[in-house]
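A.B. asks: Here it is, the structure in full.
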Amino acid sequence: MSQLETEHSVDLFVIGGGINGCGIARDAVGRGFTVELAEMNDLASATSSASTKLFHGGLRYLEYWEVRLVREALIERETLLKAMPHISWPMRFVLPYHKDMRFEGDTPTSKLLNVFMPWMKGRRPAWLIRLGLFMYDNLGGRQILKGTTAVDLTQAPEGAPLQDKFEKAYEYSDCWIEDSRLVVLNARDAQARGARINTRTKVVSAEQVDGMWQVTLEPKDGGPQRVVHAKMLVNAGGPWVENVIRNTVRINSSEGVRLVRGSHIVTPKLYDHDKCYFFQGEDGRIIFTIPYETDFTLIGTTDADHTDVSEKPVCTPEEQDYLVRFASKYLKKQITTDDIVWTYSGVRPLYNDGASSATAATRDYVLKVDTSAGAPVLNVFGGKITTYRRLAESALEKIQPYFANDAKPWTAGVALPGGDFPVDGVAALKKELQDRYRFLTQRWADRMVKAYGREAFDVLGDAQTAADLGHDFGATLTEREAKWLIDKEFARTADDIIWRRSKLGLRLDADELNTLEAWMVETTATPADNTTAATGA
C-alpha cells in the first residue's frame, strides 16, 4: 500500500467510459452523489463509437413486440434532440417496398402470420409495414419530427438512385447522432458538475472491505497505482461487463451478455439528396444507407455473434461482401468492395436472453444489483444509444435505495455543452459564427457548429485570421482546435481526434496524419497535460 496514492472515498465508482457509464455518471453527480469513473482506453473507444449513428425508435423491433423499448426510444428522440441540436439532427428515411421483402424467420410477428396467412410465405405485406409506421408515428407523442408520407418513386427524386422495380416507398423520420461526441460531452458535463473522469486507466481489482469497495486503479502510462473506496460500484463495462463480474469484482452471477458484432462500410457518395434509405432484404434483415460526412455514404449494419471479447471486432470480407450485395439489389449504381474507403465494427453487449439468433436478441437494457459480496454493485447489460439517458435514470432508481438521496431526475431537456440553442437554430448559429470569423469557409463553419455548437466561439477564441489558429494539420483541423480537444475533451492521440472527436481521418492524407501524430506526442508529453487528461482535473 505504500506505493499507492492516498485513498479517498466516493459514493459511486463507475467502470466503463462508454455512453452508459458516462450517462450514469452525469445523472448521478447532478443528483448530489460523489462520482468517479475509469475507462481503460479512450472514451467511446469501443461500442459507443461504432454505432449506426442514429437516435431511432427501432422500427424493426416492433416485429419482436418490444413495444415498451420502441415507445421509450421514440419519446427520447425529441428529448435528446432538444438537448444537443449541434450533434443531433432530424433525418428522413425512405423505405422502398417490393413484394419480395421478407421477415426474419423467428420474429413473433412472422410466426403469427405464417399461421394465419401461410400463403404469404414469410413476405412482409405492405399493410403491415404501414401499420408499423402508424405505430411509429404515434407511440412516442411526436411533436418536432415529421410523420410518415407515401412516396411515388417513379416521380420523386428519391427514386432516381433506385432500380426501376421499386415504384413506391414510405418516408418517415428519425435522428442522426454523433455517437462518440455524445459520450465525450456527457463526460465533460459530469466532470463540470464534480465527477472525476479517468481515461486510459484500468480497474485492476475491486474488493469488498468493511462494507465498501476498494478499487485499485492503474494508469496505462505507467504511473503509480491508486486506490479509491466506493460505497457502490456501477459496472458499465459494455462488452467487458461479464469479464468485470467474473474477474474484477469476482462475484457469482448467472447473468451474462451475448456479444453481437455490427459492421459498417463507407463509400464515396452514392446519391445527391440528403435522405437515408431503409432497405429490407430477402433474408429478413435490414440495412441503412445514410449520407455521411458530406462526401460519403454509410452502409450498415450486420448482426453476427462475436465470441471473444478480447478479439478486436473488424468488418470481415464476408460482411463487406454482404453489405455491398445487399445495397446493390436496390441501387442502380452497382457497388463493389473496391468502392469501400473505410470500415468499422463494434460489439453490442446484449443481454443474453437465449434468443435463437443474433438478430433476434433483445436490444432492451437490463439492470441488476448484486449484493452477494457485501457492498452493492449495479451491473448494466445491453441498451441502445437512443435510450442511454433513460437507462441512466433507471440506474439511479436502482442506486438510490442504498443512499439517503431522493433527488429527482433532472437530465431531460438539459443541454449538453454547446447545445444551448434552438433545434431549428443551426443556420442562425452558423451565420453568427461566420460573421464573427470571416475567414471560415461554408464547410469549415458547418463542421465547427455541428461539432461544438455554441462552444465553437470558445474553440476559435480571439482569432482574426486562420493563421491565428496555429498550425493547419489539414481538412480545417488547426492547432488551436487540437489543443481544445486535449485540454477539454480528454484527447491523447491522433486517433482520438480524427476518428472519435471527429471523422477527419477520412480526409487527412498520410503526411498530414504523421504531422498530427508527432505534434500530439510532443504536446501531451508535459506533466500538466497528463494530469488533465488522465484525471479530468
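The values are calculated or read from the model by the stated rules, or taken from the named source; none is laboratory data. These numbers were taken from a predicted model, which means no experiment stands behind them. Cβ atoms come from the backbone with ideal geometry, glycine included; neighbour counts cover every protein chain shown. Keep in mind that these areas ignore ligands, DNA and RNA; they rest on the heavy atoms of the full protein, side chains included. Shrake-Rupley method; radii C 1.70, N 1.55, O 1.52, S 1.80 Å.
A.B. asks: Look at the stretch 149-183 and say how many of its residues are among the basic types (Lys, Arg) and in a loop (DSSP other than H, G, I, E, B).
C.D. replies: Residues of the stretch 149-183 among the basic types (Lys, Arg): 165, 168, 181.
When the remaining residues are screened for being in a loop (DSSP other than H, G, I, E, B), the result is 165.
So the answer is 1.
A.B. asks: Of the conditions (1) under 17 Å from Asn138 (Cβ atoms); (2) part of a loop (DSSP other than H, G, I, E, B); (3) of a type in the set (A, V, I, L, M, F, W, C), Phe33 satisfies every one except a single condition; which number is it?
C.D. replies: For Phe33, the exception is condition (1).
A.B. asks: Still on this structure: Examine the stretch 67-90 for a residue that is in contact with a Cys (Cβ under 7 Å, 6 or more places away or on another chain), surrounded by fewer than 23 Cβ atoms within 10 Å (Cβ to Cβ) and more than 21 Å from Glu489 (Cβ to Cβ), and state whether such a residue exists.
C.D. replies: Yes, because at least one residue in the stretch 67-90 is in contact with a Cys (Cβ under 7 Å, 6 or more places away or on another chain), surrounded by fewer than 23 Cβ atoms within 10 Å (Cβ to Cβ) and more than 21 Å from Glu489 (Cβ to Cβ).
Okay, residues lined up against (1) open to solvent by 70 Å² or more (accessible area, probe 1.4 Å); (2) within 26 Å of Glu522 (Cα to Cα):
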{"residue": "Val414", "(1), (2)": "no, no"}
{"residue": "Arg454", "(1), (2)": "yes, no"}
{"residue": "Val459", "(1), (2)": "no, yes"}
{"residue": "Ala463", "(1), (2)": "no, yes"}
{"residue": "His471", "(1), (2)": "yes, yes"}
{"residue": "Arg480", "(1), (2)": "no, yes"}
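Rundown of residues vs (1) within 21 Å of Leu485 (Cβ to Cβ); (2) assigned to a strand (DSSP E or B); (3) open to solvent by less than 10 Å² (accessible area, probe 1.4 Å), yes/no style:
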| position | (1), (2), (3) |
| --- | --- |
| Val204 | no, yes, no |
| Trp213 | no, yes, yes |
| Gly223 | no, no, no |
| Met232 | no, yes, yes |
| Pro239 | no, no, no |
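A.B. asks: Now a separate question. Here is a list of conditions, (1) in a strand (DSSP E or B); (2) buried (at least 18 other Cβ atoms within 10 Å of the Cβ); (3) at pLDDT 95 or above, and Ala187 meets all of them except one; can you say which number that is?
C.D. replies: Exception for Ala187: condition (1).
A.B. asks: Please specify each residue of the stretch 190-202 satisfying the condition of being part of a loop (DSSP other than H, G, I, E, B), under 25 Å from Thr493 (Cβ atoms) and among the charged types (D, E, K, R). If you could, list the steps in order and put the result at the bottom.
C.D. replies: The initial filter retains those residues of the stretch 190-202 that are part of a loop (DSSP other than H, G, I, E, B), namely 193-195, 199-200.
Filter again for under 25 Å from Thr493 (Cβ atoms), leaving 195, 199-200.
Passing the criteria: only Arg200.
A.B. asks: From (1) touching a residue at least 40 places away in the same chain (Cβ under 8 Å); (2) farther than 21 Å from Asp364 by Cβ, pick out the condition that doesn't hold for Val257.
C.D. replies: Only one criterion is unmet by Val257, namely (2).
A.B. asks: Confirm whether Glu178 is surrounded by fewer than 24 Cβ atoms within 10 Å (Cβ to Cβ) and in contact (Cβ under 8 Å) with a residue 24 or more places away in the chain.
C.D. replies: Working: surrounded by fewer than 24 Cβ atoms within 10 Å (Cβ to Cβ): yes; in contact (Cβ under 8 Å) with a residue 24 or more places away in the chain: yes.
So Glu178 passes the test.
A.B. asks: Let me ask something else about it. Being at pLDDT 95 or above, open to solvent by 50 Å² or more (accessible area, probe 1.4 Å) and under 20 Å from the mean Cα position of the chain (by Cα), is that true of even one residue in the stretch 497-513?
C.D. replies: Yes, some residue in the stretch 497-513 is at pLDDT 95 or above, open to solvent by 50 Å² or more (accessible area, probe 1.4 Å) and under 20 Å from the mean Cα position of the chain (by Cα).
A.B. asks: Taking the conditions exactly as written (closer than 28 Å to Tyr330 by Cα, buried (at least 20 other Cβ atoms within 10 Å of the Cβ), in contact with a Pro (Cβ under 9 Å, 6 or more places away or on another chain) and at pLDDT 90 or above), does Phe279 satisfy them or not?
C.D. replies: Criteria met by Phe279.
Residue-wise test of (1) surrounded by 20 or more Cβ atoms within 10 Å (Cβ to Cβ); (2) within 29 Å of the chain's Cα centre (by Cα).
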{"position": "Met135", "(1), (2)": "no, yes"}
{"position": "Asn138", "(1), (2)": "no, yes"}
{"position": "Gln143", "(1), (2)": "no, yes"}
{"position": "Lys165", "(1), (2)": "no, no"}
{"position": "Glu171", "(1), (2)": "yes, yes"}
